[in-house]
Amino acid sequence: MQHSHRTPHTSYPTSRTNGITVFTRRPRPFCLIDRHLLKEMAASFALGLGTFTFVLLMDQMMRLMDLIINKGAPVGVVLRLILYVLPFSLTVTIPMSVLLAVLATYGRVSSEGEAIVLKTSGLSLYRLMAPGVLFGIVATFATLWISALVQPYSTSALKTLTHQLYHTKALTGLEEGVFNTEIPGLAIYVDHLKKQDGTLQGILVIDRRSQADQHLVIAREGKLLNKNDETGTPIGLQLSKGTLHISSLDNPGRFRNLDFETYDLQILSGGFLAETVERVRQGKELNLEELRTEIARLKNDGGKAWPLQVELHKKFALPIACLILSAIGAPLAIRIRKATRGVSLALSVAVAVFYYILLATGESLGSRGRIEPALGVWFPNLTLGIIAISLVLAEGREVFLPVRLRTLIHTAVSFQRSALSSKKSS
């Protein structure tokens with residue numbers, strides 16, 4: 001007697017309908033369908049993220065090109081600036097890319113008829129949406145990490161580096177024969193400049209930074225003054241063989257003349273450099289704990305904490321938008337049925353523009369105290385959430401029927417269709 005030995009399989013029984021595989025049982029989590037959809041969404045997400053981020057950074061690119069061309073900033077420094085700008089851009093482009101990925105993936109599934117076959121096989125819309133929602137959850141946590149931890153540091157570093165760069169490059173970028181007024185309160189004229197060794201000849205400096213008096217410095221020679229021997233960062237000018245004229249702003253007739261052999265004109269002093277690092281930071285540069293502390297301090301002092309409250313809520317509202325948009329994508333794509341990648345791109349841009357218009361409006365009203373900051377920031381998420389729930393309920397009505405009843409209905413419909421086809425053939 002021969003005994004047949006059957007090897008257990010991890011997959012579920014399937015049947016073929018018009019050349020398409022139909023699952024006769026509910027697939028397990030992370031089955032072949034899930035892995036296929038997640039892989040396809042990851043590819044579309046990467047494409048959308050690169051495209052949207054590049055478009056969003058175009059405005060910043062023009063400013064950075066000004067630093068390279070007009071200020072002579074090194075390419076390495078500009079790359080650092082781009083790296084600092086990137087986290088803020090990602091908090092905007094990740095939700096858009098999530099919507100594009102879900103729309104493109106489920107649009108293809110719907111357009112090729114796979115969604116109808118899977119739903120007919122007993123796979124509910126909720127189960128079909130599971131990979132997209134999971135993708136949105138992962139994107140939500142990634143965006144939350146960037147928004148709460150990475151962006152405050154990168155924004156602070158961006159503003160500090162840009163502030164220092166404009167001032168230091170104003171020194172190294174001095175031009176001959178013109179008044180250089182890049183540094184506020186200073187006008188520097190150089191008759192001749194040797195860029196090989198950084199020496200200056202024929203120098204005139206008008207210093208209006210003091211509120212009490214005005215300094216006029218005339219020197220025969222000069223050179224860039226560095227902070228110390230270990231760094232090449234210029235912080236001022238070392239002038240030689242000249243005259244210093246000091247006039248009082250309150251009494252123009254009162255002035256003093258001083259001759260000098262060497263005079264150090266401090267422009268970026270140690271205190272100034274420390275001030276750029278330890279300056280009063282704005283809301284986008286504060287982390288969650290710092291925002292909460294500053295909001296509590298302003299409320300206790302009777303100040304206006306609305307802008308900081310808006311920033312605090314935005315750090316959570318933008319990540320949650322990823323989850324909401326992922327829930328919108330699947331039913332919307334299935335309803336459209338012909339959501340190609342181009343259509344998905346147009347839809348994702350349209351929904352994103354609608355969302356960010358609502359967000360910008362609510363942020364503006366909330367920052368001025370016209371409405372509650374929380375309402376202004378969360379209203380776009382609430383609006384899209386209602387749209388998502390409506391689409392899911394409209395597209396997945398059969399989910400509320402018992403499983404056996406749905407099976408009987410599908411069996412009856414199939415029997416009726418086969419009976420009609422047999423009558424026509426006879």
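The values are calculated or read from the model by the stated rules, or taken from the named source; none is laboratory data. This is a predicted model, so every value here is computed, not measured. Every residue, glycine as well, gets a Cβ built from its backbone with ideal geometry; the counts of neighbours run over all protein chains shown. Each accessible area value is taken on the protein alone, full model and side chains, heavy atoms only, with ligands, DNA and RNA left out. Shrake-Rupley method; radii C 1.70, N 1.55, O 1.52, S 1.80 Å.
Checking each residue in segment 156-198 for being among the small types (Gly, Ala, Ser) and either out of contact with any Gly (no Cβ under 6 Å at 6 or more places or on another chain) or at pLDDT 65 or above (or both) picks out SER156, ALA157, ALA170, GLY177, GLY185, ALA187, GLY198. Tell me whether segment 22-34 contains one or more residues that are open to solvent by less than 60 Å² (accessible area, probe 1.4 Å), assigned to a strand (DSSP E or B) and either β-branched (Val, Ile, Thr) or modelled with pLDDT of 90 or more (or both). The answer is yes; a qualifying residue exists. The sole residue among ILE357, ILE320 that is surrounded by fewer than 14 Cβ atoms within 10 Å (Cβ to Cβ) and at pLDDT 90 or above is ILE357. Taking the conditions (1) at positive phi; (2) at pLDDT 85 or above in turn, GLY113 satisfies each one other than (2).
Selection of segment 236-292 for residues being among the β-branched types (Val, Ile, Thr) and either at pLDDT 80 or above or assigned to a strand (DSSP E or B) (or both) yields THR243, ILE246, THR262.
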